[in-house]
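The block underneath contains the structure these notes are about, expressed in structure tokens.
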Amino acid sequence: MILNKKLIILIIVAGIIVLAIPAGIFGYPYLKIWIEDREFLANPKLHDDFVAARDKEREIRTNPERMETYISAMMRYKGLGDASKDERFYNRALAVGAQAIEKFGTQSYLPFLNSATIYTLLKNYPAAEKMIQKALEMAPGDAQLYLRLIELYRDFMKKPESEIIAVYENALQRLVNVVPVFSDYAAYLKSISRLDEALDKYKLLLKAVPDNPIYAQEVKDLERAIKNR
């Protein structure tokens, strides 16, 4: 019985030593990653995609000047998070994004926009908002960034109508090609029952793109709805 107890103690001590070796060499964050890696590699459903993501991340060390490598690593980790619903993959994607932001600064808004997507999935909406706003500072003429901010405000943060409309108006003042945002704006006004304003905007869109059947139908439907209300 005493021998068995000693054996158990030795096994426990040996286990602690094994875990302590990478911890002592690399520190706790690296130990955590090392343990996670062992777990992911042991999962046959994750193994191949995880290896591909990890290899892409490791490419950054050999070629840190290539932005595409950071973005690819982020998207691979995000894909693993989407498939497994394991937030640890999203956190790894964000860590790569943070490296890209530190390395490239304001040279590209893609790390900010991709980070915003991941923060939204993690329901950290203030962080997502901050990332999109940073991207807008770099590319104030990109319509998709305004639409992403509007989507965040409308569908996730449930911002008041006045704040959402303010983003639309700001976008229309800054953009050269206003059609994508203008069309989205018209649809939003219709969704909140501001039918007269929506009709005015759809008429302008139809004037700009007279062959668009969607705009023509929206004008007819809104005219009918306004007449019958």
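The values are calculated or read from the model by the stated rules, or taken from the named source; none is laboratory data. Just so we're clear, the structure is a prediction, and the values are computed from it rather than from any experiment. Don't worry about glycine lacking a Cβ; one is built from the backbone with ideal geometry, like all the others, and counts go over all protein chains shown.
Worth a mention:
- Test: Glu151 is in a helix (DSSP H, G or I), within 16 Å of the chain's Cα centre (by Cα), acidic (Asp, Glu) and in the same structural domain as Arg174 (by TED's automatic domain parsing): yes
- Residue within region 116-126 that is over 22 Å from Tyr153 (Cβ atoms), charged (D, E, K, R) and surrounded by fewer than 17 Cβ atoms within 10 Å (Cβ to Cβ) present: no
- Filter result (closer than 20 Å to Leu94 by Cα and surrounded by 18 or more Cβ atoms within 10 Å (Cβ to Cβ)) within region 135-171: Ala135, Leu136, Leu145, Arg148, Leu149, Leu152
- When restricted to residues that are more than 18 Å from the chain's Cα centre (by Cα) and surrounded by fewer than 18 Cβ atoms within 10 Å (Cβ to Cβ), region 55-73 contains 9.
Here is a yes/no grid of residues against (1) modelled with pLDDT of 95 or more; (2) within 30 Å of Thr69 (Cβ to Cβ); (3) out of contact with any strand residue (DSSP E or B) (no Cβ under 6 Å at 6 or more places or on another chain):
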{"site": "Leu121", "(1), (2), (3)": "yes, yes, yes"}
{"site": "Ala128", "(1), (2), (3)": "yes, yes, yes"}
{"site": "Tyr153", "(1), (2), (3)": "yes, no, yes"}
{"site": "Val167", "(1), (2), (3)": "yes, no, yes"}
{"site": "Val176", "(1), (2), (3)": "no, no, yes"}
{"site": "Asp196", "(1), (2), (3)": "yes, no, yes"}
{"site": "Ala208", "(1), (2), (3)": "no, no, yes"}
{"site": "Asn212", "(1), (2), (3)": "yes, no, yes"}
{"site": "Ala225", "(1), (2), (3)": "yes, no, yes"}
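- Which listed residue is more than 25 Å from Asp184 (Cβ to Cβ), touching a residue at least 12 places away in the same chain (Cβ under 8 Å) and surrounded by 19 or more Cβ atoms within 10 Å (Cβ to Cβ), from Arg76, Arg88: Arg76
- Helices (runs of 4 or more DSSP H) within region 86-148 that include 1 or more residues over 10 Å from the mean Cα position of the chain (by Cα) and acidic (Asp, Glu): 87-104, 125-138
- Scanning region 185-196 finds one or more residues that are touching a Phe, Trp or Tyr at 6+ places or on another chain (Cβ under 6 Å), of a type outside the set (Phe, Trp, Tyr) and either free of Cβ contacts under 8 Å to residues at least 60 places away in the same chain or within 22 Å of Leu145 (Cα to Cα) (or both).
- Filter pass, Leu113 being touching a residue at least 24 places away in the same chain (Cβ under 8 Å) and in the same structural domain as Ala187 (by TED's automatic domain parsing): no
- Within region 164-176, not a single residue is outside any helix (DSSP H, G or I), of a type outside the set (A, V, I, L, M, F, W, C) and not assigned by TED's automatic domain parsing to the domain that holds Asn91.
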